[in-house]
Amino acid sequence: MPASVYKKKSILITGGCGMIGSNLVRRLSKEGWEVFVADNLWRGKVGYLYDEEGNAVIDPDSHFFNVDLCDPDACEKVVGRTDYIVHLAARVAGIEYVFRNQGEIFRINNLINSNVFHAARKAGRDKIKGLIYVGTACSFPAARQNNSNPEPLREEELFPAYPESAYGWSKLMGQLELDYLEKETGIPCCTLLLHNVYGTPADYGCRSQVIPALIRKAVLFPKEEFIVMGEGDQKRAFIHVDDVTEAILSALERGWGKGCIQIGPSYCTGIREVVETIIRISGKKIVPRFDPSKPEGDKARCADYSKAKEILGWEPEVDLEEGLLRCYKWIEKSIING
């Protein structure tokens, strides 16, 4: 995509210091956008906005806002300054954290979403040229995610709604509110429903999601025991952050007014297979211990991404083993360097 297509256009990335956000910031800056970032740094890091040589991708003094989007006044100060918005900010973490903090996650995500969309509504279509919201496959009905050999999910199956978790509900509420915003204001909108995103930079600490958590355990083994939550039979549609970035870039070009679009592969990968691959990459003689007393979430889900292919020209590209290798090397280096 040539830089000239987006030259002089400005964009706000909420949650821009996280894994997806920081990758998107780098790509958009390279493509000629003027990029602004809003993030409260709950999981993200300002350091992710610097390249490998230590150069800032954006000016941290003028284009980064350390802001809590739960505060409507603070939200209005940053939303409405740019032509476009990609709304990534959300309270999300690994499955154990999600199920221990459901009420808080539901409250915070609804506050964030409603504040961002209200600020966009006040700015109006004359200012906001487009808004992309990142939803989640967790919003699909639990009954469609509890078959160990599922048919790929389709966008029209979101309703009637019954997600398993408060996180899934909160993201679905955001999707509904965005639909109302688009109808009422005419601001072009798009929702991308992401499956299980992994990659770097990764949060591999106590709130991390499954892949970085498993990699951390492999890197630290035998100092840290290699315990796997659940029996390892659950399956997910893992999608590399590079593929997600490409989907967002395509949506900025031609995703407007098309409703929600799934981003994820059409096949499931079992956690046991992920565990085996990570152990092989580590080169260590690790015998994993599966703990069925720990939450493991839905049994399986994957995506019918035909809508993404038709509208965005998108398909997943990064092979899972290659993506895991990249992630392993990054986390290993980060742990070694402290």
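The values are calculated or read from the model by the stated rules, or taken from the named source; none is laboratory data. Small disclaimer: the values here were computed from a predicted structure and weren't measured. Quick reminder, even Gly has a Cβ in these numbers, built from the backbone with ideal geometry, and neighbours come from all protein chains shown.
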Within the stretch 261-274, residues aliphatic (A, V, I, L, M), in a strand (DSSP E or B) and either under 20 Å from Asp319 (Cα atoms) or within 11 Å of the chain's Cα centre (by Cα) (or both) come out as Ile263
Matching residues in the stretch 169-188 (more than 18 Å from Asn110 (Cα to Cα) and either β-branched (Val, Ile, Thr) or surrounded by 20 or more Cβ atoms within 10 Å (Cβ to Cβ) (or both)) number 2
Restricted to the stretch 198-208 and to residues being surrounded by fewer than 22 Cβ atoms within 10 Å (Cβ to Cβ) and farther than 11 Å from Ser334 by Cβ, the residue farthest from the chain's Cα centre (by Cα) is Cys206
Within the stretch 268-289, residues being surrounded by fewer than 17 Cβ atoms within 10 Å (Cβ to Cβ) and touching a residue at least 60 places away in the same chain (Cβ under 8 Å) number 3
Turns out the helices (runs of 4 or more DSSP H) fully within the stretch 152-260 with at least 2 residues that are touching an Asp or Glu at 6+ places or on another chain (Cβ under 7 Å) are 210-220
Considering residues that are more than 16 Å from Ser114 (Cβ to Cβ), in contact with a helix residue (DSSP H, G or I) (Cβ under 9 Å, 6 or more places away or on another chain), touching a residue at least 24 places away in the same chain (Cβ under 8 Å) and not in a helix (DSSP H, G or I), the number found within the stretch 135-150 is 3
Heads up, the strands (runs of 3 or more DSSP E) in the stretch 1-112 (entirely inside) with at least 3 residues that are β-branched (Val, Ile, Thr) are 10-14
**Asked** Do we have any residue at all in the stretch 115-127 that's among the small types (Gly, Ala, Ser), surrounded by 21 or more Cβ atoms within 10 Å (Cβ to Cβ), under 19 Å from the mean Cα position of the chain (by Cα) and modelled with pLDDT of 95 or more?
**Response** no
Check your understanding: Does Ala166 satisfy the condition of being surrounded by fewer than 17 Cβ atoms within 10 Å (Cβ to Cβ), touching a residue at least 12 places away in the same chain (Cβ under 8 Å) and either within 17 Å of Leu252 (Cα to Cα) or in contact with a Phe, Trp or Tyr (Cβ under 9 Å, 6 or more places away or on another chain) (or both)?
Key -> no
Residue set Lys307, Lys294, Lys333; condition outside any loop (DSSP other than H, G, I, E, B), in contact with a strand residue (DSSP E or B) (Cβ under 8 Å, 6 or more places away or on another chain) and either in contact (Cβ under 8 Å) with a residue 40 or more places away in the chain or among the basic types (Lys, Arg) (or both); output residue Lys307
Q. Looking at Ala218, is it under 19 Å from the mean Cα position of the chain (by Cα) and of a type outside the set (D, E, K, R)?
A. no
Phe64 vs (1) in contact with a Ser or Thr (Cβ under 9 Å, 6 or more places away or on another chain); (2) buried (at least 18 other Cβ atoms within 10 Å of the Cβ); (3) at pLDDT 95 or above: all pass except (1)
Residue in the stretch 176-189 that is modelled with pLDDT under 95, closer than 19 Å to Ile20 by Cβ and not hydroxyl-bearing (Ser, Thr, Tyr) present:
no
